[in-house]
1. Could you run through the stretch 184-226 and say how many residues are in contact (Cβ under 8 Å) with a residue 60 or more places away in the chain and under 14 Å from the mean Cα position of the chain (by Cα)?
2. Out of all the residues in the stretch 329-364, which are part of a helix (DSSP H, G or I), open to solvent by 20 Å² or more (accessible area, probe 1.4 Å) and not polar (S, T, N, Q)?
3. Taking the stated definitions as given, is residue 42 in contact with a strand residue (DSSP E or B) (Cβ under 9 Å, 6 or more places away or on another chain) and either free of Cβ contacts under 8 Å to residues at least 12 places away in the same chain or among the aromatic types (Phe, Trp, Tyr) (or both)?
4. Quick check on my filter: what residues within the stretch 262-291 are under 30 Å from residue 46 (Cα atoms), β-branched (Val, Ile, Thr) and either modelled with pLDDT of 95 or more or in a helix (DSSP H, G or I) (or both)?
5. Are any of the residues in the stretch 372-388 among the aliphatic types (A, V, I, L, M), part of a strand (DSSP E or B) and in contact (Cβ under 8 Å) with a residue 40 or more places away in the chain?
6. Determine which member of the set 187, 205 is in contact with a strand residue (DSSP E or B) (Cβ under 9 Å, 6 or more places away or on another chain), assigned to a strand (DSSP E or B) and open to solvent by less than 10 Å² (accessible area, probe 1.4 Å).
7. Restricting attention to the stretch 292-307, does a residue exist that is more than 19 Å from the chain's Cα centre (by Cα), in a loop (DSSP other than H, G, I, E, B) and charged (D, E, K, R)?
8. Please work out if residue 434 is of a type in the set (Phe, Trp, Tyr) and either in contact with a helix residue (DSSP H, G or I) (Cβ under 7 Å, 6 or more places away or on another chain) or within 21 Å of residue 157 (Cα to Cα) (or both).
Amino acid sequence: MGAEAEAEAPPTEYFIIRPKKIRLIDILSLLILRKSLTSYKFVDSSGTAKDGLRADWVTALTLLIMKVLDKIKVPLKWTGIIVEFIFNLFELNGGIGIIWRIITGKLVIPKRDSADFRSMIALIDGRQDLYKNNSLLHYFPLMEPQAGFDDINLLDITAMAAKIAYENPAYIENTVTNHWKMHFVGFYDCWNKFLEEKTTQAFIFCNKAEDADLIVLSFRGTEPFNAQDWSTDVDLSTLLAGKLGLLHLGFLKALGLQNETNFILGFPTSIEMNADKPVAYYILRQELRNLLAKHKNAKIIVTGHSLGGALSAVFPALLSYHNQNDILNSMHSVMNYGQPRVGDAIFKSYVNVLMRVKYQRMVYRYDIVPRIPFDLPPLSNFTHCGKCIYFDGWYKGKVVDEVPNPNYFLEPLSVPRMYLTAWGDLFRAFFIGYTAGKDFKEGIASILYRLTGLVLPGIACHSPRDYVNSVRLAKIENTLFV
C-alpha cells in the first residue's frame, strides 16, 4: 500500500513495549513512583491505549524478564549451538564409542542441516515413529475420526508434527517420508520484517501424494536457546485487530505483520512478496490453496507447540478476517500443545462463536507457557480460547475451559505442589521405560532437562515429550466425554 492508503487508514489501538529501551531504573521507578506506564520511553502507544495505567509488580517482573532475555540473546544462542553439537557428536559416534572412532579416524562430525542432526528438542525426545496403538484420546469428541483418514490417530500425528517442527528440513522430510510413509510438501523459513531475519518456520505434509484426505500445517515453537522466542511469549504488546479484538503483537509479527501500529495496513488481503523473504501468513495460505486444488476432498489440521501453537491459533483467525472461505471450509480443526495466550475476550468470543473451526489445546501439568502472557487486567487482558485437555496427574486428562493456577506463581499455596510434581516427573523418568515400554524410555538429555523443574517447575513441564506421552498414555476421566 502507498502513502495515500496509509493516510486514509483509520486509527488503531496499539501498545508496544521496546525491550532494548528498558532500563533497570525504569523498572524501579514503576514500582516506587507509580508513574503512568505510557510515560516511559520504552512504551509506544496510541492515544487511548493503556493511558494513565500504572504498572504493578507483575508488570515490572515481566519487563525485567524481557530485559534480561534481550541481554543474553547472543550468549544463549551460542550456548545452544555448542550443547547441541556436543550431544550430537556423542550420539552419532555411539556415546562412549567416540573414543574408538577418534583412534581409528572414523569420527563423524555433526552437520546442522543433515537428516541425522537433532535439535535439543529431539535430543530430549528422539521418537520419530507414529504410535501403533490408538490411545483413548483418538475418540476425543473434538478430534473424532474423519472419513478418509479414520485410521489415523489425529492427536498423535499432531503432537508428533508439533514436536518435529523444531528440526531442520532434512530431518523433517526424512521423518514424514520414511517413518510416517506420508507425503512431505515443504518447509517454510519466513521473514519477520521487524526483527529483520527469518524467525518463523513451518512445514506441511499430506497423508498421501495423490488424492490426499489430510493436510497438516505445523508451526515451529519456542526454541530452548532462543531468547527472542521466550521474550515474545511473555511480551504484553498488543494491537487492535478490528473484529478480532486485541491480539498479541509479537505473534502477529511472526506471521508477517507489515505495520505494527495499524492492523488494516499490517495485514492487507494480499501483498507482493520478495522470493528471498517469504511472509508466513501469505505463503502458507497460498500453499494450502494450491493443495486443496489438487486434493479436493482433503481436510486441513493446523498444529503447533508453544509459540507454534500461538501461530496456529491466530492463522485461521486471519483467514476468517480475510474471508478465505475456500480454505476455512476445508479446515478440520486446530490442535495445539502448550500454547501461550494470544488475544483478549473479544478474540475468544470470535474463535469460540463465530469461527467454524474446531479449536482445542492441551496443557501438561504446570507448564508455564500456557499461563503467559498473564491474564491480569487492566494491563494484561490475555485469555485462552476453545476447549483444553488438561493433564493433572500421571497422564490423567480431563476437559476444562481454563487450567488451574492460570497465572502460575501468583497462587503461593500451589508452589509446594508444583515442586512435588517436578520431583515426581523426574523420579518417573528413570522407570517409565520399564512400566510403559521402551518407546517411553528417557535418555540423559531428557533427565537433565527435567532437573530444570527443580528450579522452575513450569519449564520442565513444557517439553514436547510429555505432550506426546500424554496422547499415548492418557488415562481419561469420564468428564472428557461430556
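1. 11
2. Taking the stretch 329-364 first, the residues part of a helix (DSSP H, G or I) are 345-354.
If we keep only those that are open to solvent by 20 Å² or more (accessible area, probe 1.4 Å) too, we end up with 345-346, 348-349, 352-354.
Within the stretch 329-364, 345, 346, 348, 353, 354 meet the criteria.
3. Values: in contact with a strand residue (DSSP E or B) (Cβ under 9 Å, 6 or more places away or on another chain): yes; either free of Cβ contacts under 8 Å to residues at least 12 places away in the same chain or among the aromatic types (Phe, Trp, Tyr) (or both): yes.
Yes, satisfied.
4. Taking the stretch 262-291 as the starting set, the residues that turn out to be under 30 Å from residue 46 (Cα atoms) are 262-273, 277-282.
Cutting the leftovers down to β-branched (Val, Ile, Thr) gives us 264, 269, 271, 279.
264, 279 - these are the residues of the stretch 262-291 that are under 30 Å from residue 46 (Cα atoms), β-branched (Val, Ile, Thr) and either modelled with pLDDT of 95 or more or in a helix (DSSP H, G or I) (or both).
5. The first filter runs over the stretch 372-388 and keeps only residues among the aliphatic types (A, V, I, L, M), leaving 372, 376, 379.
Restricting the remaining residues to those that are part of a strand (DSSP E or B) gives 376.
Within this subset, residues satisfying the condition of being in contact (Cβ under 8 Å) with a residue 40 or more places away in the chain are 376.
Yes, because at least one residue in the stretch 372-388 is among the aliphatic types (A, V, I, L, M), part of a strand (DSSP E or B) and in contact (Cβ under 8 Å) with a residue 40 or more places away in the chain.
6. Numbers: 187 fails: open to solvent by less than 10 Å² (accessible area, probe 1.4 Å).
Testing whether each residue is in contact with a strand residue (DSSP E or B) (Cβ under 9 Å, 6 or more places away or on another chain), assigned to a strand (DSSP E or B) and open to solvent by less than 10 Å² (accessible area, probe 1.4 Å) leaves just 205.
7. Residues of the stretch 292-307 that are more than 19 Å from the chain's Cα centre (by Cα), as a first pass: 292-299.
Going one step further and asking which of them are in a loop (DSSP other than H, G, I, E, B), we end up with 295-298.
Then drop every residue that is not charged (D, E, K, R), which leaves 296.
There is at least one residue in the stretch 292-307 that is more than 19 Å from the chain's Cα centre (by Cα), in a loop (DSSP other than H, G, I, E, B) and charged (D, E, K, R).
8. Numbers: of a type in the set (Phe, Trp, Tyr): yes; either in contact with a helix residue (DSSP H, G or I) (Cβ under 7 Å, 6 or more places away or on another chain) or within 21 Å of residue 157 (Cα to Cα) (or both): no.
Considered against the rule, which asks whether it is of a type in the set (Phe, Trp, Tyr) and either in contact with a helix residue (DSSP H, G or I) (Cβ under 7 Å, 6 or more places away or on another chain) or within 21 Å of residue 157 (Cα to Cα) (or both), residue 434 comes out as no.
The values are calculated or read from the model by the stated rules, or taken from the named source; none is laboratory data. Source: prediction; values computed, not measured. Neighbour counts are summed over all protein chains in view; Cβ atoms, including those assigned to glycine, are modelled from backbone coordinates with ideal geometry. Remember, those area values only see protein heavy atoms, side chains included, never the ligands or the DNA or RNA. Shrake-Rupley method; radii C 1.70, N 1.55, O 1.52, S 1.80 Å.
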